[in-house]
Amino acid sequence: MPAATKWLVPLRPSGFNVGMTRRRKPPAPRALTPRSADRHALYEASVQRPEVMIGFIEDVAEHHGLTPRVLREDFCGTANLAAHWAASGTDRRAIGIDLDAPVLDWAEQHNRAPLGDAGKRLHLLCDDVRNVRRRGDVLVSLNFSHFIYKRRETLRQYLRHAWRCLNRPGMLILDAFGGPASITPDIDRRNFANFTYLWEQAAFNPITSEILCKIHFQFPNGSMLRDAFVYDWRLWSLPELTELLLEAGFDDLDIYFESEDGFITELDPGDCDAWVAYLVAYKTSPRSSRRTPRRN
Ligand SMILES: C[S@@+](CC[C@H](N)C(=O)[O-])C[C@H]1O[C@@H](n2cnc3c(N)ncnc32)[C@H](O)[C@@H]1O
């Protein structure tokens with residue numbers, strides 16, 4: 001496994017947290033088994049850092065003099081980010097949309113209800129994201145959810161819908177991954193206190209750019225929760241995403257990469273083997289220089 005894949009998506013490498021202090025506590029060690037494990041809790045602990053993402057949104061917004069209040073999280077799954085956003089200020093609201101009712105039930109029980117009063121500022125909607133017209137100041141599609149769209153036309157339609165669902169000035173944040181190591185069939189492992197997270201790149205088709213990825217979890221007694229999550233995606237490149245965002249109506253965009261120094265706008269050649277990027281597309285161009293957000 002090439003060295004750069006220590007931060008292959010969506011593993012959220014240790015370096016990703018450098019300089020970022022508000023880190024989620026690791027789950028308390030207890031004996032997990034495939035029967036007792038909660039795959040959504042394991043997923044959140046393994047791949048998500050909502051505090052870091054909120055810091056990133058705040059920094060980008062502040063850099064451009066924006067004050068987003070309503071966050072719309074498309075493909076929200078457990079709505080972890082939306083819940084953190086709603087909890088992060090009494091003037092903030094969030095909308096989480098997912099078409100999977102069971103995952104939204106989980107989100108309600110584990111992420112919205114525990115917020116108490118702040119939970120009233122989070123609205124969970126069970127629907128196809130393209131059917132929902134609720135607007136936000138910032139719209140996010142994370143952990144590569146938009147890679148479900150395999151044709152140019154369908155992805156562009158989704159991006160156009162996202163554009164319509166943004167208040168001006170408004171920004172859309174999408175992530176992407178790439179680099180030669182990201183298309184090599186492989187399994188990457190990351191150890192946590194009471195389980196191991198496995199990210200499998202099971203197959204890649206160079207003709208269609210379709211990629212099949214899987215998340216498995218392994219427990220201390222060696223037992224496995226296989227195929228906890230399976231993703232049948234198209235791996236879109238940064239130039240393709242850039243073109244489609246502009247075709248969808250966005251005025252301008254910036255691209256940031258995860259790095260050991262936080263979010264950066266250019267990759268060292270030695271880090272190009274595997275990378276994670278965030279595209280920030282603006283409904284109205286802030287006419288910014290391509291500076292790095294401050295909290296790096
Ligand atoms: C990769 S998960 C992402 C979860 C979360 N956004 C995150 O950052 O971890 C993708 C989610 O998108 C949902 N989904 C797939 N197609 C959808 C659609 N057309 N509309 C709404 N949700 C959809 C799935 O149910 C799943 O929960």
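Since every read-out is calculated from the coordinates, none of them should be taken as a lab result. Since this is a predicted model, take the numbers as computed values, not measurements. Glycine gets a Cβ as well: all are built from the backbone with ideal geometry, and neighbour counts include every protein chain shown.
Charge tally around THR284: other residues with Cβ under 11 Å, Lys/Arg +1 each, Asp/Glu -1 each, net +1. For PHE192 and THR284, the FRET efficiency from 1/(1 + (r/R0)^6), where r spans their Cβ atoms and R0 equals 51 Å, is about 0.75.
What separates the Cα centres of segment 182-196 and segment 67-82 is a distance of 27 Å. Projected label points at LYS120 and LEU238, each 7 Å from Cα along the beta carbon direction, are separated by 4.5 nanometres.
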